[in-house]
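Colleague: Below is the structure I would like to discuss, written out as structure tokens.
The values are calculated or read from the model by the stated rules, or taken from the named source; none is laboratory data. The model shown is predicted, which means the values in this text are computed figures rather than measured ones. Glycine gets a Cβ as well: all are built from the backbone with ideal geometry, and neighbour counts include every protein chain shown. Accessible surface areas use protein heavy atoms only, side chains included; no ligands, DNA or RNA. Shrake-Rupley method; radii C 1.70, N 1.55, O 1.52, S 1.80 Å.
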Amino acid sequence: MFRQHIDTAPIWEAYGTECECPLCLLRAQCEASYVENFLGASVMEPAVRMEVNEKGFCREHLKMLYDTGNRLGLALMADTHLQECIRRLKEKPPTARRSFRGRTKPDTLVGDCILCARLDNTMERYLETLLYMWKKEPGFRESFKKSRGLCFPHYEALRDMAPTKMGRDGEAFLAALYEVTLTNMERMEEELNWFTQKFDYRNRDKPWGTSADAVERALTKLRGGGPVPKKE
Ligand SMILES: [Zn+2]
Ligand SMILES: [Zn+2]
């Protein structure tokens, strides 16, 4: 039922860190290390270079690669990728003739991002590992229950994966997942609501409580993404 699962330690670690979604935290950590890697050792690996030349990166990951400050590394990658794109562009000049009759997908130079693909793959394995841990690992159910829940995208990803992976434990897991999600979404809403009320002059002198960074945390809750630094 479970594929060979990966190390459970990173999940334990993420669950030991206070955050609005441990899976988003894990994803952000993997993402940072992949980005670092792509411009480090990978630049010279022929297999990786070929894949980059072929596919390239999405806008968000190009920006992250740029933000590492390694302009030469990025230029080396971008140069050969651009060469490959130009080669393909020359191969197929556009035509108004409807020779494909909609049967084939139109050619695109804006392909899937390698970094996104690797991250999706890793996260899928982490989701499976989490389900495995909930089933087998002593103490994990308790940590899961006491956590601050998950973001909506990871709630849905686990919800959709559980029925095929959990067997007899499926119902129990879904109930636990639902409870921790609903409880914490309501908690988040209250914090966010108090944040808005603090702008009312009558509440000016009342304490912020936990609401001072509610906006930043709500961003993660709604659509996922790593921790957002608070704006002063
Ligand atoms: Zn998440
Ligand atoms: Zn990407």
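Colleague: Looking at the stretch 13-27, is at least one residue at pLDDT 90 or above and within 16 Å of ligand 2 (Cβ to nearest atom)?
Modeller: The answer is yes; a qualifying residue exists.
Colleague: Another question about this same structure. All but one of (1) crowded, with 18+ Cβ neighbours inside 10 Å; (2) within 16 Å of ligand 2 (Cβ to nearest atom) hold for THR181; state the number of the condition that does not hold.
Modeller: (2)
Colleague: Consider only pairs whose beta carbons are under 7 Å apart and that are at least six residues apart or on different chains; among these, list those whose first residue lies in the stretch 34-54 and is of a type in the set (Gly, Ala, Ser) and whose second residue is open to solvent by less than 20 Å² (accessible area, probe 1.4 Å).
Modeller: The qualifying pairs are SER42/VAL48.
Colleague: Among the residues of the stretch 203-220, how many are farther than 20 Å from CYS24 by Cβ, in a helix (DSSP H, G or I) and in contact with a helix residue (DSSP H, G or I) (Cβ under 7 Å, 6 or more places away or on another chain)?
Modeller: Selection size over the stretch 203-220: 2.
Colleague: How many residues does the stretch 189-232 hold that are hydroxyl-bearing (Ser, Thr, Tyr) and open to solvent by 60 Å² or more (accessible area, probe 1.4 Å)?
Modeller: 3
Colleague: Determine whether the stretch 126-134 contains at least one residue that is away from ligand 1 (no atom under 16 Å from the Cβ), surrounded by 16 or more Cβ atoms within 10 Å (Cβ to Cβ) and either over 20 Å from ASP169 (Cβ atoms) or of a type outside the set (A, V, I, L, M, F, W, C) (or both).
Modeller: yes
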